[in-house]
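First the structure, in the form of structure tokens, and then the observations on it.
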Amino acid sequence: MPGFVALTGPPAVGKTTLAAKLAAVHGAQVFRLREFAHDVRHRIDVDPALFATEDPLGWLPDRTVRVLLDSALGGRGRNGVTVLENLPGTIIQLRTISEIGRRLGLPVVVIELTASDAIVIGRSLARRVCPACEPDLDADPHRPARAAAADSSTCATCGNPLRRRRCDGTARYELKLRRFRSRIPGIRREAATLDLPYQAVNATASPDDCLRRVVAALRSTQILPCLPADLPSALNGATP
């Protein structure tokens, strides 16, 4: 059944990789607020004040996120599963997603990927991005790149040098992690108040193991009642 999967978790837990696998294996659409906001910001008919923020991480205020989510999701209709990557980040954002789901008559499920601070900090130090494969976005690529087998410092897809994410710098990353840890208890409570299905999924093992756990969690909801006949084969064709 069509619906929204709100995919949250600490930075570097594996949300982007999981969303890509859900798209590859199950045909889900992936919505990334950051990319949508970038496209809208550069339209000539948009008031720049909409994107004004004093947040130390540059994050948009909830009122702006509401406008963007309404614009992006409000007219989607019943056209499949949409993974909302890295949403919600606040209680207000969760309420907005829930309201849009109710308005469209579509279910909303929240999946929280979990891992210890030691695990996600280690992943943040190890992950690399490719500016050549993911250009633009103000020269700040986010999607994890796959390193070449012969040279871990180059991209397996294009052969260009990989680099760390700009936001994986120690101070910025620690701020993001602290912010997530402080906000997630309220998001969990709000999901219960809104009567939204909420599943915490351990993401400490491999990406394929994480996918299996998430799919198992979604099978108990209206979102994803069926699996491919041959899940291992489907996984082999999935790319992050």
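Just so it is clear, none of the values below were taken in a lab; they were calculated from the coordinates. Quick caveat, the model's predicted, so the values are computed rather than measured. Neighbour counts are summed over all protein chains in view; Cβ atoms, including those assigned to glycine, are modelled from backbone coordinates with ideal geometry.
For the stretch 48-79, run through the trypsin sites (Lys or Arg not before Pro) and keep only the ones in DSSP coil with at most 10 other Cβ atoms within 10 Å of their Cβ. Let's see the in-between values first.
Numbers: sites: 63, 66, 76, 78; in loops: 76, 78.
Taking the stretch 48-79 and a limit of 10 other Cβ atoms within 10 Å, the loop trypsin sites (Lys or Arg not before Pro) found are 78.
Compute the relative contact order of the chain as a whole-number percentage, counting only Cα pairs closer than 8 Å that sit 6 or more residues apart in sequence. Don't jump to the answer; show the numbers that get you there.
Details: 366 pairs, mean separation 74.7, N = 240.
Averaging sequence separation for qualifying contacts and normalising by length gives 31 percent for the chain.
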How large are Rg and Dmax for the stretch 79-169 when calculated on the C-alpha trace, in angstrom? 17.2, 51
Test of understanding: what is the full-extension gain from residue 204 to residue 24, defined as 0.36 nm times their sequence separation minus their Cα-Cα distance? 62.7 nm
Over all viewing directions the Cα convex hull of the stretch 25-68 casts an average projected area in nm² of 4.2 nm²
Using label points projected 7 Å from each Cα along Cα→Cβ, tell me how many nm separate residue 132 and residue 117, to one decimal. 3.8 nm
Percent of Cα-Cα distances greater than 15 Å, calculated over the stretch 50-116: 56 percent
Taking the stretch 1-138 as the region of interest, what is the percent of Cα-Cα pairs per 5 angstrom bin, listed from the shortest bin to the one with the maximum distance? 2, 9, 17, 21, 21, 17, 10, 3, 0
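On a full-extension model of 0.36 nm per residue, what is the gain between residue 193 and residue 216, subtracting their alpha-carbon distance, rounded to one decimal in nm? If you can, show how the numbers build up before the last one.
Values: separation 23, 0.36 × 23 = 8.28 nm, distance 2.37 nm.
Here the segment from residue 193 to residue 216 would lengthen by 5.9 nm.
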Give the Rg/Rh ratio for the stretch 117-184, taking Rg as the radius of gyration of the Cα atoms and Rh as the Kirkwood radius, to two decimals. 1.03
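One-quarter of the Cα convex hull surface for the chain, in nm²?
On the way: hull surface 53.2 nm².
So the Cα hull casts an average projection of 13.3 nm².
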